[in-house]
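So the structure is just underneath, and the comments pick up after that.
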Amino acid sequence: MTVIDRRAARVLLVDDAGRTLLLHGGDPARPGESWWFTPGGGLDDGEALAEGAARELFEETGLRVDPAELGDPVWHEITEFSFRARSYRQEQDFFLLRVSEWRVDRAGMDDNERETITGHRWWSAAEIEASDEQIFPAGLAGLLRRLVPVGGR
């Protein structure tokens with residue numbers, strides 16, 4: 001099977017309480033299976049990491065930010081997964097963005113996002129650690145504990 005290589009940018013959106021916003025959804029090719037994940041996704045041709053992260057954040061949450069506000073990535077990983085019966089090897093960078101609060105607006109989602117993203121929720125590191133649901137990236141709770149001081153700010 002052919003593996004598709006792609007670059008992606010994701011955002012750890014953290015509120016004043018130190019919780020991160022996770023989206024919930026799944027793969028239409030695997031009904032009944034779902035997981036939680038950070039806002040973000042694949043880069044468009046020629047798109048810089050911060051530009052892609054800002055675009056995806058707006059599409060998936062309605063929050064518009066200048067890519068410069070994202071600063072430098074705080075985490076990098078390579079992950080492999082399947083989606084719509086295609087195999088991917090995705091190199092992705094995560095940006096940290098703090099907000100006092102944010103109410104998700106799904107109006108900017110494209111058709112694919114509307115089909116695959118079914119909900120959202122703010123999670124604390126402790127809730128992530130205690131959950132038996134699939135949450136990506138793996139090790140997210142530990143990453144949040146390293147990046148976000150106790151109390152959120």
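For (1) more than 16 Å from ARG6 (Cα to Cα); (2) among the small types (Gly, Ala, Ser); (3) touching a His at 6+ places or on another chain (Cβ under 9 Å), each residue gets a yes or a no:
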{"site": "GLU56", "(1), (2), (3)": "no, no, no"}
{"site": "GLU69", "(1), (2), (3)": "yes, no, no"}
{"site": "LEU96", "(1), (2), (3)": "yes, no, no"}
{"site": "GLY108", "(1), (2), (3)": "yes, yes, no"}
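List the residue pairs whose Cβ atoms are under 7 Å apart, where the first residue sits in segment 68-90 and is among the acidic types (Asp, Glu), the second is surrounded by fewer than 15 Cβ atoms within 10 Å (Cβ to Cβ) and assigned to a strand (DSSP E or B), and the two are 6 or more positions apart or on different chains. Taking only residues 6 or more apart or on different chains, the pairs are GLU80/ARG89. Got at least one residue in segment 41-57 being closer than 15 Å to HIS120 by Cα and touching a helix residue (DSSP H, G or I) at 6+ places or on another chain (Cβ under 7 Å)? Scanning segment 41-57, I find no residue that is closer than 15 Å to HIS120 by Cα and touching a helix residue (DSSP H, G or I) at 6+ places or on another chain (Cβ under 7 Å), so the answer is no. Scan segment 114-127 and give yes if some residue there is under 23 Å from ASP15 (Cβ atoms), in contact with an Asp or Glu (Cβ under 6 Å, 6 or more places away or on another chain), without any contact (Cβ under 8 Å) to a residue 60 or more places away in the chain and not charged (D, E, K, R), otherwise no. The answer is no, given that none of the residues of segment 114-127 is under 23 Å from ASP15 (Cβ atoms), in contact with an Asp or Glu (Cβ under 6 Å, 6 or more places away or on another chain), without any contact (Cβ under 8 Å) to a residue 60 or more places away in the chain and not charged (D, E, K, R). Looking at segment 32-66, which of its residues are assigned to a helix (DSSP H, G or I) and among the hydrophobic types (A, V, I, L, M, F, W, C)? Residues satisfying the conditions are LEU49, ALA50, ALA53, ALA54, LEU57, PHE58. Here segment 131-150 is the region considered, the condition is being free of Cβ contacts under 8 Å to residues at least 40 places away in the same chain and surrounded by 15 or more Cβ atoms within 10 Å (Cβ to Cβ), and the residue that is farthest from GLY71 (Cα to Cα) is ALA141.
In segment 1-15, the residue that is surrounded by the most Cβ atoms within 10 Å (Cβ to Cβ) out of those that are under 17 Å from LEU143 (Cα atoms) and charged (D, E, K, R) is ARG10. Of GLY26, GLY41, GLY18, GLY52, all but one fail to be farther than 22 Å from LEU143 by Cβ and among the small types (Gly, Ala, Ser); the exception is GLY26.
This table checks each residue for (1) assigned to a loop (DSSP other than H, G, I, E, B); (2) in contact with a helix residue (DSSP H, G or I) (Cβ under 7 Å, 6 or more places away or on another chain); (3) surrounded by 16 or more Cβ atoms within 10 Å (Cβ to Cβ).
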| site | (1), (2), (3) |
| --- | --- |
| PHE81 | no, no, no |
| GLN90 | no, no, yes |
| PHE95 | no, yes, yes |
| SER100 | yes, no, no |
| GLU115 | no, no, no |
| THR118 | no, no, no |
| TRP122 | no, no, yes |
| GLU129 | no, yes, no |
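In this structure, GLU69 does not qualify as in a helix (DSSP H, G or I), within 15 Å of the chain's Cα centre (by Cα) and not small (Gly, Ala, Ser). With respect to the conditions (1) aliphatic (A, V, I, L, M); (2) under 25 Å from THR2 (Cα atoms); (3) part of a strand (DSSP E or B), ALA29 lacks only one, and its number is (3).
A short reminder: the numbers here are calculations on the coordinates, not readings from a lab. Only a predicted model underlies this, so the values are computations on that prediction, with no experimental measurement involved. When we count neighbours, we look across all protein chains shown, and the Cβ atoms used for this are built from the backbone with ideal geometry, even at glycine.
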